[in-house]
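Okay, so here's the structure we're looking at.
The values are calculated or read from the model by the stated rules, or taken from the named source; none is laboratory data. Note that this is a predicted model, so its numbers are computed, not measured. Neighbour counts run over all protein chains shown; Cβ positions are idealised from the backbone, glycine included. Heads up: the accessible areas ignore ligands, DNA and RNA and are worked out on the full protein's heavy atoms, side chains in. Shrake-Rupley method; radii C 1.70, N 1.55, O 1.52, S 1.80 Å.
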Amino acid sequence: MSLPVDAVDVKKRIEECKSLQDVESIRLEYLGKKGLIPSEMKLLGKLSIDERKLKGQELNKLKTLVEETVNNQKTNIENKEIEKKLQNEKIDVTLPQQEITDGKIHPISQTIFSIIEIFGNLNYSVEAGPDIESDFNNFSALNIPPHHPAREMQDTFYVQNSDGEDNVLRTHTSPVQVRTMLKTKPPIKIIVPGRTYRSDSDSTHTPMFHQVEGLVVNKDANMADLKSTLITFLKEFFEIDNLKYRFRPSYFPFTEPSAEMDVAFTKKNNVLKIGEGDEWLEILGCGMVNPKVLENCNIDSSVYQGFAFGMGIERLSMLKYGITDMRGLFDLNLKWLDHYGFSPLDLRNRAEV
Ligand code: PHE
């Protein structure tokens, strides 16, 4: 007795299929519930024992052949499809990079990246603290007791917590000096870039702005170190080797002595030129950490001394990138950002490492 169909023929039919559906329909034709092989199987019972055995074997052989050929052909077709997809989706890495027009880095972020890079190279690490601060961290520990006139220097936003206790939106990054000294033993060498808040708004003030704080505490920190650090920083930041600057005596309750640093500028045809000329722009406040502050933070002021500085990031940013109205920085205007922002891939505007 022979097979109901020519086995060679089925194999060929399956192998000629170009799509998975075609293979599947031949599979159903042979192996489906009402397919050829199950139907023939059902008829076996009517045959004699010898015939049944023989035909049964042949049907099983055919079944295996169809199953194997179907599986192989399905795999072949799938592989061919993947190959085709890979061909079509191939990226030619030798083509020039497409220009990315979407998404710009905000000048404030760019400025913070530069500041971190420059101080990073001077071995400073970066610290952070919360925007909502206790009165102690923002004022008292920094030698600004309640009702002290120095509190009037900063128009503070007060926020009450659930216990009715007064907290503040930090008016400067200096409270992170306190936080760091309370949790770490000297030597300390940190910068703190972050948001700060004062109730003030005009073309050179926004209620939220950014500062970067610096703090060094060890056994021999001194004014000369402080000055050379700040000079190095500003020369690198503005990329001007012979930057003209001056230090002026000043007053901050948390530093003693205190100073402010100015940078020279000229204005020609309404264009600001930094680093030369006869006019002065105040850039930062600094000084030796007041021993009272060290003591408030449990640091022995007979053993340790420190210096600190603080500067406004918006001002640095505006001077470096020629931005004239500070409020533009926070208007969320995409056209503005497209003009003043930085491409994420453009490393040329970063400080050189
Ligand atoms: N915290 C001061 C301010 O906001 C700046 C400052 C920081 C001055 C550290 C001296 C030392 O104006």
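Calculate, in nm to one decimal, what Gln97 and Ser109 gain on full extension: separation in residues at 0.36 nm each, minus their alpha carbon distance. If you can, show how the numbers build up before the last one.
Details: separation 12, 0.36 × 12 = 4.32 nm, distance 2.47 nm.
Between Gln97 and Ser109, full extension yields 1.8 nm more.
Report the full-extension gain for the segment Ser301 to Asp338: residue separation times 0.36 nm, less the Cα-Cα distance, to one decimal in nm.
So the chain would gain 8.3 nm between Ser301 and Asp338.
Hey, what did the range 114-260 get for relative contact order, percent, Cα under 8 Å, at least 6 apart?
Values: 205 pairs, mean separation 33.3, N = 147.
Over the range 114-260, the number comes to 23 percent.
For the cross-link pairs Lys104/Lys183; Lys219/Lys320; Lys33/Lys84; Lys273/Lys335; Lys18/Lys42; Lys34/Lys84, which exceed 27 Å when the distance is taken from alpha carbon to alpha carbon? Let's see the in-between values first.
Working: Lys104/Lys183 37 Å; Lys219/Lys320 35 Å; Lys33/Lys84 34 Å; Lys273/Lys335 25 Å; Lys18/Lys42 32 Å; Lys34/Lys84 36 Å.
Too far apart for the 27 Å limit: Lys104/Lys183; Lys219/Lys320; Lys33/Lys84; Lys18/Lys42; Lys34/Lys84.
How many nm is it between the label spots at Ser228 and Glu117, if each spot is 7 Å from the Cα in line with the beta carbon?
Result for the modelled spin labels: 2.5 nm.
Under the rule of at least 5 residues apart or a separate chain, name every residue whose amide H is placed under 5 Å from the amide H of Ser250.
Ser258, Ala259, Glu260
Ranked highest first by average number of other Cβ atoms within 10 Å, how do 216-223, 159-166 line up? Can you show the working numbers first?
Numbers: 216-223: 16.0, 159-166: 8.9.
Averaged packing, sorted descending, gives the order 216-223, 159-166.
Name the trypsin sites (Lys or Arg not before Pro) in the range 238-267 that are in a loop by DSSP and that have at most 16 other C-beta atoms within 10 Å, would you?
On the way: sites: Lys244, Arg246, Lys267; in loops: Lys244.
Hits after loop and neighbour filter: Lys244.
Just from its helices, what would the mean residue ellipticity at 222 nm be for the chain, if runs of 4 or more DSSP H residues each count -39500 (n - 2.57) and the sum is divided by every residue, rounded to the nearest 500 deg cm²/dmol?
Working: 11 runs with 136 residues, N = 353.
Computed ellipticity for the chain at 222 nm equals -12000 deg cm²/dmol.
Can you run the Rg to Rh ratio on the chain? Use alpha carbon positions and the Kirkwood inverse-distance Rh. Write out the running numbers ahead of the final one.
Values: Rg = 38.3 Å, Rh = 26.6 Å.
Answer for the chain: 1.44.
Go ahead and collect, in residue order, the members of the range 114-146 whose backbone nitrogen is under 17 Å from a label point 7 Å along the Cα-Cβ direction of Thr184.
Those under the cut-off are 116-130.
For the chain, with every protein chain kept in place, what is the accessible area per residue (1.4 Å probe, Å²)? Display every interim value, and only then the final one.
Working: 20740 Å² over 353 residues.
For the chain, the per-residue accessible area is 59 Å².
How high is the relative contact order of the chain, in percent, with contacts defined as C-alpha pairs under 8 Å that are six or more residues apart?
Numbers: 528 pairs, mean separation 57.4, N = 353.
About 16 percent, as a whole number.
With +1 on the Cβ of every Lys and Arg and -1 on the Cβ of every Asp and Glu, and nothing else charged, how large is the dipole of the chain about its Cα centre, in debye rounded to the nearest 20? Intermediate results must be reported in sequence, preceding the final value.
Details: 44 positive and 53 negative charges, 298 e Å.
About 1420 debye.
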